[in-house]
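The values are calculated or read from the model by the stated rules, or taken from the named source; none is laboratory data. Computed from a predicted model, the values in this text were never measured in an experiment. Neighbour counts are summed over all protein chains in view; Cβ atoms, including those assigned to glycine, are modelled from backbone coordinates with ideal geometry.
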Amino acid sequence: MLVNLKEILALAEEKKCAVGAFNTPNLECVNAVLSAAEKLNVPVIISHAELHEEVSPLEKIGLVMVLAAKAAKVPVCVHLDHCETLSYMEKALEIGFTGVMYDGSTLPYDKNLANTKKAVAMAANYNCGVEAELGALASREGGGASASGPVYTDPDQAVIFCRETGIDALAPSFGTAHGIYKSKPVLDLDLVKTVSEKTGLPLVMHGGSGVSPEDYRTGIKNGLRKINYYSYMSKAGTQAVKELLEKEDITFFHDLAYAAEKAMEADAKKAMMVFAGF
Ligand SMILES: [Zn+2]
């Protein structure tokens, strides 16, 4: 069933666990994630990232995501990840997305604040919750490295930002990066606790692939309620295709797609179990 971001994060808060948010740029990803969530009977978020627009346009995959969420046996939020333009956000709202991350983290603070307020006002006309980011991650979505490194979130500024914007969830910057980690990430999980206590809002971990299970558990204990996870799931799909091609002479693409879907389902399931505290 389709639920909004606020509702799904309330479910996570009730159980003091986190809900996984998985990018689903194609049908195999949608099937993999929803099937894993249904097998575990856990709520889940499926996301579309603006950066995947070229391989998977919002107006096509978005419709698939909303329909699949409505048909699912578990609560599903359909979420727009890292939306940097409000006109793009409007398109997602029209399609029926129930969550959106407005990302103004590369903008100066005042501009981020003003645009996030606009995003909250727009979402209020729909059944949609808003997540925003404060501080900046070590790399942009897609794994491109930043020379400057992360800018950690200031907890006092976060309190003002959350109060003034009226957002439903905050993505603080505490040391994670997007994409595949080249070395073990060093996370400031005490900062998560401080921001959680001061803002009272559900917090979001970006770059959630490749983090150790202990760090996930501590982060969840400290207030993380949404964990974005994609790169390692996608990598598991690619690996399954490689192995199948080495083993057999495959003609039909659907056989490769199916192998990838099953491998991604298994990977997503493992991540969901950690996030749910199983
Ligand atoms: Zn992200």
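Report yes if some residue within the range 71-81 is basic (Lys, Arg), modelled with pLDDT of 95 or more and under 18 Å from Tyr126 (Cα atoms); otherwise report no.
no
Looking only at the range 41-61, filter to residues that are crowded, with 17+ Cβ neighbours inside 10 Å and away from the ligand (no atom under 16 Å from the Cβ); which one of those is farthest from Leu80 (Cα to Cα)?
Taking the range 41-61 first, the residues crowded, with 17+ Cβ neighbours inside 10 Å are 42-52, 56, 58, 61.
Now narrow it down to the ones that are away from the ligand (no atom under 16 Å from the Cβ): 42-44, 56, 58, 61.
Numbers: Val42: 20, Pro43: 17, Val44: 14, Ser56: 13, Leu58: 9, Ile61: 12 Å.
Of everything passing the filter in the range 41-61, Val42 is farthest from Leu80 (Cα to Cα).
Just one of the numbered conditions (1) among the acidic types (Asp, Glu); (2) modelled with pLDDT of 95 or more; (3) over 26 Å from Val130 (Cβ atoms) is not true of Glu197; which one?
Single failed check for Glu197: (3).
Any idea which residue in the range 22-40 is farthest from the ligand (Cβ to nearest atom), counting only those that are of a type outside the set (Gly, Ala, Ser) and in contact with a strand residue (DSSP E or B) (Cβ under 8 Å, 6 or more places away or on another chain)?
Only one residue fits best here, namely Leu34.
Can we say Thr251 is over 29 Å from Glu13 (Cβ atoms) and away from the ligand (no atom under 16 Å from the Cβ)?
So Thr251 passes the test.
Yes/no per residue for (1) buried (at least 20 other Cβ atoms within 10 Å of the Cβ); (2) touching a Pro at 6+ places or on another chain (Cβ under 8 Å); (3) modelled with pLDDT of 95 or more:
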position	(1), (2), (3)
Val100	yes, no, yes
Ser105	yes, no, no
Lys117	no, no, yes
Gly142	no, no, no
Ser146	no, no, no
Val151	no, no, no
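Just to confirm my filter: which helices (runs of 4 or more DSSP H) fall fully inside the range 155-262 and include at least 3 residues that are of a type in the set (Lys, Arg) and surrounded by fewer than 23 Cβ atoms within 10 Å (Cβ to Cβ)?
231-247
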